[in-house]
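Following: one structure in structure tokens, then a few remarks.
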Amino acid sequence: MYKLLIIEGDGIGPEIMNEARKILSILSDKIPISIEESALGGSAIDAFGSPFPEETKEKGQVSDAVLLGAVGGSKWDSLPIDQRPEKGLLGIRKTLELYANIRPLDIFTELSSASSLKPEVIKNTSMIVIRELTGDVYFGEPRGKDVDNDGVRKAFNTMVYSEDEIKRVTKIAFEIARKRRKKVCSVDKANVLESMVLWREVVTELSKEYPDIELDHMYVDNVSMAIIQRPAVFDVLLTPNMFGDILSDEMSAIGSSLGLMPSASLGYEKALYEPIHGSAPDIAGKGIANPIGMILSLAMMLEFSFKHEKISKILKNAVGKTISKGYRTKDIYTEGTELLSTSEIGDKIAKYFKEELDS
């Protein structure tokens, strides 16, 4: 029996999670899944006065995986930074010891014309970002804001990495590369940052245990240009926390919409799955949100946490079939295709998924 914690979250989170529930309902006949629910982020602040309630913490710790809609929104922007919805997300990542974020990009051929890049540039693009998730300036100490003796304000953050933090995320990158094209590009800024010198040293040392993997090192500024100029050359991108945060968002722009992008955050025993698009409060409640990123996050959960790679592939195929037949949400709609609501596109994916699963 797999234990799953569902967190709808904020904004469009409940809407897209409804579409994931349709898939989970179909799976109930194939995979034993026990489902709990709880709150995180802004909705948790409203209900419990905290972005990361104790109840959510406890349920997360006894779950095999967490499926999250989205957190955040302008409603809570006036709160102190340590009380905002995003602190809930950082809190559950820390509690579950999630140290590697995985963001894949595969171009749907039918949507290539909707990319901001030319179709011939993105042709054959398939890459995945493996981002370290617990170190870097987001968590480094000391950090803070201060005022010097002259009354001038200053703020500071510390970019820090330990050898063990680098090793564990690097191992994941190499293992995933073995199932793909066996190429890893490690991203750093070793020409100016000591923490990145250590990053490059550790990655290079560990690569000796993976002689079948081709390893390259690139500075982050070079990578940020190359992703746009020649995205198809990349396979697995291994990145520190902050660089990965930025590059994976840039990578998502190569596809036609943020609404298509899933992610997984992996730890030693736990994992959290969520689309990368955020809560999109401006379109919440309108029935136009794209649930595909949410559904593909569920597919990643089937692969990484529940070890049902075949069923995961069937679900991905159902998404591909839906797109190939011309069904679209507003964010990926073009003339000649059929515009559907959030719920309608979810129904199509669920229909094709069930048909192939039962065949």
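Quick grid of which residues meet (1) within 21 Å of residue 303 (Cα to Cα); (2) touching a residue at least 12 places away in the same chain (Cβ under 8 Å); (3) touching a strand residue (DSSP E or B) at 6+ places or on another chain (Cβ under 8 Å); (4) of a type in the set (Asp, Glu):
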residue: 52; (1), (2), (3), (4): no, yes, no, no
residue: 57; (1), (2), (3), (4): no, yes, no, no
residue: 60; (1), (2), (3), (4): yes, yes, yes, no
residue: 81; (1), (2), (3), (4): no, no, no, no
residue: 84; (1), (2), (3), (4): no, yes, no, no
residue: 94; (1), (2), (3), (4): no, yes, no, no
residue: 99; (1), (2), (3), (4): yes, yes, yes, no
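Within region 242-263, the residues that satisfy the criterion of being surrounded by fewer than 23 Cβ atoms within 10 Å (Cβ to Cβ) and farther than 18 Å from residue 289 by Cα are 242, 245, 246, 247, 249, 250, 254. Answer with yes or no whether residue 278 is of a type outside the set (A, V, I, L, M) and not in a helix (DSSP H, G or I). So residue 278 fits the description; yes. Summed over region 15-28, the residues that are open to solvent by 40 Å² or more (accessible area, probe 1.4 Å) and over 19 Å from residue 314 (Cα atoms) give a count of 1. Restricting attention to region 264-290, and to residues there that are under 22 Å from residue 5 (Cα atoms) and acidic (Asp, Glu), which single residue is least open to solvent (accessible area, probe 1.4 Å)? That would be 274. Does any residue of region 203-215 turn out to be on the phi < 0 side of the Ramachandran plot, open to solvent by 60 Å² or more (accessible area, probe 1.4 Å) and part of a strand (DSSP E or B)? Yes. Looking only at region 202-216, decide whether some residue is of a type in the set (Ser, Thr, Tyr) and free of Cβ contacts under 8 Å to residues at least 24 places away in the same chain. Among the residues of region 202-216, at least one is of a type in the set (Ser, Thr, Tyr) and free of Cβ contacts under 8 Å to residues at least 24 places away in the same chain, which makes the answer yes.
Select from region 173-190 the residues that are surrounded by 21 or more Cβ atoms within 10 Å (Cβ to Cβ) and not hydroxyl-bearing (Ser, Thr, Tyr) and list them in ascending order.
Answer for region 173-190, where residues must be surrounded by 21 or more Cβ atoms within 10 Å (Cβ to Cβ) and not hydroxyl-bearing (Ser, Thr, Tyr): 173, 174, 177, 184, 185, 187, 188.
Checked against (1) modelled with pLDDT of 95 or more; (2) part of a strand (DSSP E or B), residue 145 meets all criteria but (1).
How many residues does region 148-164 contain that are under 30 Å from residue 203 (Cα atoms), open to solvent by less than 80 Å² (accessible area, probe 1.4 Å) and either out of contact with any Asp or Glu (no Cβ under 9 Å at 6 or more places or on another chain) or touching a residue at least 60 places away in the same chain (Cβ under 8 Å) (or both)? Residues that pass the stated criteria total 3. Flag set for residue 307, criterion: surrounded by fewer than 19 Cβ atoms within 10 Å (Cβ to Cβ) and either within 28 Å of residue 184 (Cβ to Cβ) or at pLDDT 95 or above (or both). Check region 81-104 and report whether any residue there is over 26 Å from residue 23 (Cα atoms) and β-branched (Val, Ile, Thr). Yes.
The values are calculated or read from the model by the stated rules, or taken from the named source; none is laboratory data. It should be emphasised that the depicted structure is a prediction, and the values quoted were computed from it without experimental measurement. Cβ coordinates were reconstructed from backbone atoms using ideal geometry, including for glycine residues, and neighbour counts include every protein chain displayed. To get the accessible areas, we keep the full protein, side chains included, count just its heavy atoms, and leave off ligands, DNA and RNA. Shrake-Rupley method; radii C 1.70, N 1.55, O 1.52, S 1.80 Å.
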